[in-house]
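The values are calculated or read from the model by the stated rules, or taken from the named source; none is laboratory data. The structure presented is a predicted model; accordingly, all values stated were derived computationally and were not measured. Cβ: placed from backbone, ideal geometry, glycine included. Neighbour counts: every protein chain shown. These area figures cover heavy atoms from the full protein model, side chains too; ligands, DNA and RNA do not enter into them. Shrake-Rupley method; radii C 1.70, N 1.55, O 1.52, S 1.80 Å.
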Amino acid sequence: MIPPDLGAARPELRKIERRLLLRGTLSLGMLSMLSGCDIGDNDGLERALRVVSRFTDRMQAALFSRERLAKTFPASAITTPFPFNAYYGLDEVRTVDEASWRLEVSGLVGDRKPWSLADIRRLPQQSQITRHICVEGWSAIGQWSGAPLSAFLHHVGADLRARFVEFRCFDDYYTSIDMQTALHPQTIMAVDYGGSPLPPAYGAPLKIRMPTKLGYKNPKYISAIIVTNRFPGGYWEDQGYDWFGGS
Ligand SMILES: Nc1nc2c(c(=O)[nH]1)N[C@H]1C(S)=C(S)[C@@H](COP(=O)(O)O)O[C@H]1N2
Ligand SMILES: [Mo]
């Protein structure tokens, strides 16, 4: 049982309850033993949860394979309307002028020239119907199209041995992924949703769609892509969500 005074609303607690306790795989007592942290106080629990989160990240990275594809679905399975989610409400969605929007490219790349939407659309496009899973307790199936991120990374001469690819968004969201996931064939620079240009709610003009990752790792409203070896974290990850965030 989680002591009531530990603030059960914290995302780490909700997560640990769901992942460990409800599945019956680990009790908080065992968590305390395994991590060597005294979870009787807030700081100790926080530390213990971070130990588990880092362990989960390492396990997920080890099990991840670029050859293993996420499940795809027929058009009849698409969820309509597809849900909107962000760390703010639909009425606060930010928009940009798509003609003047540019994708900034920096870090360990050969060519830092900014990309226009037309540049991205000139890369070979692919379409996927896949399931998006949000940790807030919903999932939905949608259709996204765009260029594989791997094609883009090759184009800009990215150092493919770098550890991380970081995404910055113009709504001040940010996240980052491992290079293996960046090169996964289903990781795409989505510019279309349901066969039409991505609408503002779903991240216009550019979203990175990765069916191998949970919803919060799928950034919308992209403004910059950075290839780096310095751990970039993420908006929710820095508040305790797992960094790897596989789905
Ligand atoms: N830029 C940006 N990207 C974001 C978010 C956000 O708040 N800002 N929220 C994330 C979360 S938690 C989810 S579930 C999905 C929701 O995407 P959707 O609106 O297309 O369903 O976007 C993810 N990417
Ligand atoms: Mo989410």
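Please enumerate the residues belonging to the range 213-226 that are more than 10 Å from ligand 1 (Cβ to nearest atom) and surrounded by fewer than 23 Cβ atoms within 10 Å (Cβ to Cβ). Within the range 213-226, A224, I226 qualify. Among the candidates S150, S139, S176, the residue that is within 15 Å of the chain's Cα centre (by Cα) and either farther than 18 Å from E237 by Cβ or surrounded by fewer than 21 Cβ atoms within 10 Å (Cβ to Cβ) (or both) is uniquely S139.
Taking the range 182-204 as the range and being more than 10 Å from ligand 1 (Cβ to nearest atom), under 17 Å from S127 (Cβ atoms) and open to solvent by less than 10 Å² (accessible area, probe 1.4 Å) as the test, the residues that pass are H184, T187, I188, M189, V191.
For the range 41-90, taking the residues that are assigned to a helix (DSSP H, G or I) and small (G, A, S), the one that is surrounded by the fewest Cβ atoms within 10 Å (Cβ to Cβ) is identified as S76. Of all the listed residues (I208, I225), the sole one being within 16 Å of ligand 2 (Cβ to nearest atom) and closer than 20 Å to A86 by Cα is I208.
State whether one or more residues within the range 102-123 are buried (at least 19 other Cβ atoms within 10 Å of the Cβ) and in contact with a Cys (Cβ under 9 Å, 6 or more places away or on another chain). Looking through the range 102-123, none of the residues is buried (at least 19 other Cβ atoms within 10 Å of the Cβ) and in contact with a Cys (Cβ under 9 Å, 6 or more places away or on another chain). Take the conditions (1) out of contact with any Cys (no Cβ under 8 Å at 6 or more places or on another chain); (2) in a helix (DSSP H, G or I); (3) within 16 Å of ligand 2 (Cβ to nearest atom); Y216 misses just one of them, which is (1).
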